[in-house]
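J.: Sending over a structure as structure tokens; questions will come in a sec.
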Amino acid sequence: MSTSTVAKPQAPKPARGRRRISLPVLLLLVAGLLVLVSVVRLITDANGITSTGQMSTALRLAVPIGLAGLGGLWAERAGVVNIGLEGMMILGTWFGAWAGFQWGPWSGVAFGIIGGALGGLLHAIVTVTFNVNHIVSGVAINILALGATRYLSTFAFEGEEGGTSKQSPPVDSLGTFDIPGLSDWLQTLNGKHWFLVSDLAGLVGGIFTNLSPLTVVAVALVPLTWWVLWRTSFGLRLRSCGENPVAAESLGVNVYKYKYLAVVISGGFAGLGGAFLSLVASNIYLEGQTGGRGYIGLAAMIFGNWMPGGLALGAGLFGYTDSLKLRGGGTNVHALLLLLALLLIIGAAYLVWKKRYVHAAVTTLIGVLVFLWYTTTNEVPNQVVTATPYVVTLLVLALSAQRLRMPKADGMPYRRGQGK
């Protein structure tokens, strides 16, 4: 018997992954950004960038984006890519205004959800049952929703007072409210224009001022989604369908059922976002009023790394940039050019610390160019203000792309029993 020793094979070292940002670090980054914004406000005297009205408007504009993003989150966590969010929002706007005009705004909310859910059901039938490419199905639903709502409007709205083939008659409002005492105090504090304190008061005051009941419902849906998907057995089964449907099926999970449920719920969320636009944001249905918010909601979901909290931050960012064109757009966006220049310089310093010198040089050059743009102008054109939300969407996706981790089976075809 040989006594020679055999070297034991060493286990391969795990691949190095990117570290996740912890909550304390994230809070520290947010605090640092708030300080930087306050400094920019004092330098530029653009008090509107952190005013209570600006933040309230940003929240109202962030809600439909966030609801569309939540819809995308539910579908993609079950493995179905939902490009059709825009079309489902369109259905929500139409059904919400139609039912709201007939029976009142809360009926409009219910029918908006149903309209979006019908779009989700169609997407589920096409992608889950017939295994059609998810992107093709989503684009088809977007086109179908545009045509269907135009056709239905000719019957439902033409002939009514204020109604045409492109818009509905006015719908009764759900109303708004403030938090008594707290809202007024925060607005007063914001009006003092003190360093940091007034900016924080404006941020918090916007959450408690001019609120719609539907806004409260929408905000509550974010933690509710997290709890259902990450703290219940139902959510675990649903997410397993988006990670490994074959393994989920082997454990007795009805993958088709969970995919159907997820996509129908996804459509319901998008429809609720559409109903918010026609019942809260404008109290009327207008053709094209979604304005690509379904796509921006999808971008917010991707920016949030398929997590509800990150999605909410992305929706808030896009809602804020969208609100700039409604409140002092040219002046406020011009002030934010200075903020962008400072962020780029700080980013360049971080890249130098990481010894990524080429990236640091490019970032510094862009920062200098943005600073020159700020110093040589007094206001940006309205076209730039209008394009700001979409430019921010592209920039955020480009900068965050390396930290993303989508569900493993997202968008992949699946047939029942294919693992056998």
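J.: Hey, can you tell me all the residues within segment 94-110 that are in contact (Cβ under 8 Å) with a residue 40 or more places away in the chain and over 17 Å from ALA281 (Cβ atoms)?
T.: Applying the first criterion (in contact (Cβ under 8 Å) with a residue 40 or more places away in the chain) to segment 94-110 yields 94-98, 100-101, 104-106, 108-109.
Once the filter is applied, which keeps residues that are in contact (Cβ under 8 Å) with a residue 40 or more places away in the chain and over 17 Å from ALA281 (Cβ atoms), segment 94-110 yields only GLY104.
J.: Give me a count of the residues in segment 167-189 that are open to solvent by 60 Å² or more (accessible area, probe 1.4 Å) and either of a type in the set (Asp, Glu) or farther than 21 Å from SER56 by Cα (or both).
T.: The total comes to 4.
J.: Follow-up. Need pairs with beta-carbon distance below 8 Å; first residue within 14 Å of MET55 (Cα to Cα) and within segment 323-337, second outside any helix (DSSP H, G or I) and open to solvent by 10 Å² or more (accessible area, probe 1.4 Å); sequence gap 6+ or separate chains.
T.: ARG327/SER51
J.: Given (1) more than 21 Å from the chain's Cα centre (by Cα); (2) surrounded by 15 or more Cβ atoms within 10 Å (Cβ to Cβ), identify the lone condition not met by TYR350.
T.: (2)
J.: Go through (1) touching a Lys or Arg at 6+ places or on another chain (Cβ under 7 Å); (2) at pLDDT 90 or above for ARG18 and report which single condition fails.
T.: Condition (2) is where ARG18 drops out.
Condition check ((1) closer than 30 Å to PRO223 by Cβ; (2) of a type in the set (Asp, Glu); (3) at pLDDT 90 or above) across all residues:
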residue: PHE276; (1), (2), (3): yes, no, yes
residue: ALA281; (1), (2), (3): yes, no, yes
residue: GLU287; (1), (2), (3): no, yes, yes
residue: ALA300; (1), (2), (3): yes, no, yes
residue: THR331; (1), (2), (3): no, no, no
residue: LEU342; (1), (2), (3): no, no, yes
residue: TRP353; (1), (2), (3): no, no, yes
residue: VAL358; (1), (2), (3): no, no, yes
residue: ILE366; (1), (2), (3): no, no, yes
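J.: Picking from THR209, THR129, which residue would you name as being in contact (Cβ under 8 Å) with a residue 40 or more places away in the chain and under 26 Å from GLY66 (Cα atoms)? Can you show your working first?
T.: Details: THR129 fails: under 26 Å from GLY66 (Cα atoms).
Going through THR209, THR129 in turn, the sole match is THR209.
J.: Moving on. Could you figure out which of (1) of a type in the set (A, V, I, L, M, F, W, C); (2) out of contact with any helix residue (DSSP H, G or I) (no Cβ under 7 Å at 6 or more places or on another chain); (3) buried (at least 24 other Cβ atoms within 10 Å of the Cβ) isn't true of LEU91?
T.: (2)
J.: In segment 306-317, how many residues are more than 28 Å from TRP98 (Cβ to Cβ) and open to solvent by less than 10 Å² (accessible area, probe 1.4 Å)?
T.: Taking segment 306-317 and keeping what is more than 28 Å from TRP98 (Cβ to Cβ), we get 306-314, 316-317.
When the remaining residues are screened for being open to solvent by less than 10 Å² (accessible area, probe 1.4 Å), the result is 308, 311, 314.
Residues meeting the conditions: 3.
J.: Looking only at segment 382-398, count every residue that is buried (at least 17 other Cβ atoms within 10 Å of the Cβ) and either more than 16 Å from SER323 (Cβ to Cβ) or at pLDDT 85 or above (or both) and tell me the total.
T.: 1
J.: Quickly run through segment 252-282 and pick out the residues that are outside any helix (DSSP H, G or I) and open to solvent by 40 Å² or more (accessible area, probe 1.4 Å). Spell out how you get there, then give the answer.
T.: Here is the first cut: in segment 252-282, the ones outside any helix (DSSP H, G or I) are 252-254, 282.
Of everything in segment 252-282, those that are outside any helix (DSSP H, G or I) and open to solvent by 40 Å² or more (accessible area, probe 1.4 Å) turn out to be GLY252, ASN254, SER282.
J.: Across segment 283-305, what is the number of residues that are open to solvent by less than 40 Å² (accessible area, probe 1.4 Å), at positive phi and touching a Leu at 6+ places or on another chain (Cβ under 6 Å)?
T.: 0
J.: Given the options SER38, SER56, name the one that is within 30 Å of GLY329 (Cα to Cα), modelled with pLDDT of 90 or more, in contact with a strand residue (DSSP E or B) (Cβ under 9 Å, 6 or more places away or on another chain) and surrounded by 15 or more Cβ atoms within 10 Å (Cβ to Cβ). Break it down into steps so the answer makes sense when it comes.
T.: Values: SER38 fails: in contact with a strand residue (DSSP E or B) (Cβ under 9 Å, 6 or more places away or on another chain).
Unique residue meeting the criteria: SER56.
J.: Checking the structure you have, find out if any residue of segment 142-156 is closer than 30 Å to PRO245 by Cβ and open to solvent by less than 40 Å² (accessible area, probe 1.4 Å).
T.: So the first thing to find is which residues in segment 142-156 are closer than 30 Å to PRO245 by Cβ, and the list is 142-145.
Add one more test, that the residue is open to solvent by less than 40 Å² (accessible area, probe 1.4 Å), and what stays is 142, 145.
Yes: one or more hits.
J.: Among the residues of segment 127-176, count how many are under 25 Å from the mean Cα position of the chain (by Cα), in a loop (DSSP other than H, G, I, E, B) and among the hydroxyl-bearing types (Ser, Thr, Tyr).
T.: Matching residues across segment 127-176 total 2.
J.: Within segment 197-251, which residues are surrounded by 15 or more Cβ atoms within 10 Å (Cβ to Cβ) and outside any helix (DSSP H, G or I)?
T.: If the condition is that a residue be surrounded by 15 or more Cβ atoms within 10 Å (Cβ to Cβ) and outside any helix (DSSP H, G or I), then PHE208, THR209, ASN210, LEU211, SER212, ASN244 are the ones that fit.
J.: Shifting gears a bit: What's the total number of residues in segment 76-96 that are over 19 Å from VAL246 (Cβ atoms) and in a helix (DSSP H, G or I)? So that I can check it myself, show each step before the final result.
T.: As a first pass, look at segment 76-96 and keep what is over 19 Å from VAL246 (Cβ atoms): 82-96.
Pick out the ones that are also in a helix (DSSP H, G or I) and you get 85-96.
Total satisfying the criteria: 12.
The values are calculated or read from the model by the stated rules, or taken from the named source; none is laboratory data. The structure presented is a predicted model; accordingly, all values stated were derived computationally and were not measured. As a convention, Cβ positions derive from the backbone with ideal geometry for all residues, glycine included, and neighbour counts pool all protein chains shown. These area figures cover heavy atoms from the full protein model, side chains too; ligands, DNA and RNA do not enter into them. Shrake-Rupley method; radii C 1.70, N 1.55, O 1.52, S 1.80 Å.
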